[in-house]
Amino acid sequence: MSGETPCYLRDEDLMDASERVPVILASASPRRKQLLREIGMKFEVVPSSESEPDQPHLSPGEWAMRQALAKARDVAKRFPNAVVIGADTIVVLGRRVYNKPKDMADAKRMLRELRGRTHRVITGVCVLHLKARKKLLFAETSHVTFRKLNDRQIASYLRRIHPLDKAGAYAAQEQGSAIIEHVEGSFSNVVGFPLERFRTEVRRALIL
């Protein structure tokens, strides 16, 4: 874990204020860190590099959940007393799944394929507490419609962001209005973590 003072979840919406549970986010994503801090959560960050091989028989939602579970389990094995949060976001157009682009040429290809069309953003989330033998697993889907972009607009957008660490090569929170026409569903899910669903599911499961 980092050298910072150990942090604990003390969010009154999620748990009794007198309880203190160590929480770890198994992701290096700055978007996820920012979103969780916006709802008052305090946590350590221990990124997981765990990734499962492709399994074509799974639906995109099942695949995202499987990846989130693998990441949470990887970190939870090292910190069984902590509540570990794992997440994985993918972009889906038809039957094609878009993860992070390999390079700028790949990023440009992705945006060309997504322009003028509606795609799904799916985030799988796993909350795991090994000591308490508790597991929460779900997937949230939002629909995003892109503007009818030309190649010049795509190139201009890619120069203004860092697309290589983003599923689908774009960020709704970074110059998003330049490429996004409409979002149906959770906007935080499109950014990288479905806050509304997370709070509802955690309260229901009594995992924190």
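The values are calculated or read from the model by the stated rules, or taken from the named source; none is laboratory data. This one's a predicted model, so the numbers in the text were calculated from it and none came from an experiment. All Cβ positions, glycine included, derive from the backbone under ideal geometry; neighbour counts span all protein chains shown.
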* Within the group 105, 70, which residue is in contact with a Gly (Cβ under 9 Å, 6 or more places away or on another chain), of a type in the set (Gly, Ala, Ser) and not in a loop (DSSP other than H, G, I, E, B)? -> 70
* Structure fact -> Considering region 129-141, residues that are crowded, with 19+ Cβ neighbours inside 10 Å and within 12 Å of residue 202 (Cβ to Cβ), and then whichever is modelled with the highest pLDDT, we arrive at 138
* Scope region 172-194; condition at pLDDT below 95 and surrounded by fewer than 21 Cβ atoms within 10 Å (Cβ to Cβ); matching residues -> 173, 174, 175, 176, 177, 178
* To do: Could you grab me the full set of residues in region 153-185 that are under 20 Å from residue 116 (Cα atoms), not β-branched (Val, Ile, Thr) and not in a helix (DSSP H, G or I)?
  => 166, 170, 171, 172, 173, 174, 175, 181, 182, 184, 185
* Output for region 108-146, where each listed residue is in a helix (DSSP H, G or I) and over 21 Å from residue 63 (Cα atoms) -> 108, 109, 111, 112, 113
* To do: Keeping to region 156-170, report how many residues are loosely packed, with under 15 Cβ neighbours inside 10 Å and within 25 Å of the chain's Cα centre (by Cα).
  => 5
* To do: Take region 74-89 and flag every residue that is in a strand (DSSP E or B) and either under 11 Å from residue 22 (Cβ atoms) or hydroxyl-bearing (Ser, Thr, Tyr) (or both).
  => 83, 84, 89
* Asked: Before we move on, is residue 178 touching a helix residue (DSSP H, G or I) at 6+ places or on another chain (Cβ under 6 Å) and at positive phi?
  -> no
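Going by the structure shown, is residue 144 β-branched (Val, Ile, Thr), over 20 Å from residue 200 (Cα atoms) and surrounded by 13 or more Cβ atoms within 10 Å (Cβ to Cβ)? Quick ask: steps written out before the conclusion?
Working: β-branched (Val, Ile, Thr): yes; over 20 Å from residue 200 (Cα atoms): yes; surrounded by 13 or more Cβ atoms within 10 Å (Cβ to Cβ): yes.
Yes.
Determine, yes or no, whether residue 105 is over 21 Å from residue 140 (Cα atoms), exposed (fewer than 13 other Cβ atoms within 10 Å of the Cβ) and modelled with pLDDT of 95 or more. Spell out how you get there, then give the answer.
Details: over 21 Å from residue 140 (Cα atoms): yes; exposed (fewer than 13 other Cβ atoms within 10 Å of the Cβ): yes; modelled with pLDDT of 95 or more: yes.
Judged against the criteria, residue 105 is a match.
If we keep just the residues of region 61-83 that are touching a residue at least 60 places away in the same chain (Cβ under 8 Å), under 22 Å from residue 31 (Cβ atoms) and over 14 Å from the mean Cα position of the chain (by Cα), which is surrounded by the fewest Cβ atoms within 10 Å (Cβ to Cβ)?
The initial filter retains those residues of region 61-83 that are touching a residue at least 60 places away in the same chain (Cβ under 8 Å), namely 61-65, 68-69, 79, 82-83.
Filter once more, so that each one left must be under 22 Å from residue 31 (Cβ atoms): 61, 63-65, 68-69, 82-83.
Then keep just the ones that are over 14 Å from the mean Cα position of the chain (by Cα); that gives 82-83.
Details: 82: 24, 83: 26.
Among them, the one singled out is 82.
Can you pull out every residue in region 127-146 that is within 17 Å of residue 91 (Cα to Cα) and in contact with a helix residue (DSSP H, G or I) (Cβ under 8 Å, 6 or more places away or on another chain)? Lay out the reasoning, then the answer.
Going residue by residue through region 127-146, those that are within 17 Å of residue 91 (Cα to Cα) are 138-146.
Result: 138, 139, 140, 141, 142, 144, 146.
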* Do any residues in region 185-202 that are in contact (Cβ under 8 Å) with a residue 40 or more places away in the chain have Cβ atoms under 7 Å from those of residues that are outside any helix (DSSP H, G or I) and among the charged types (D, E, K, R), where the two are at least six apart or on different chains, and which pairs are they? -> 186/140; 189/140; 194/140; 197/140; 199/13
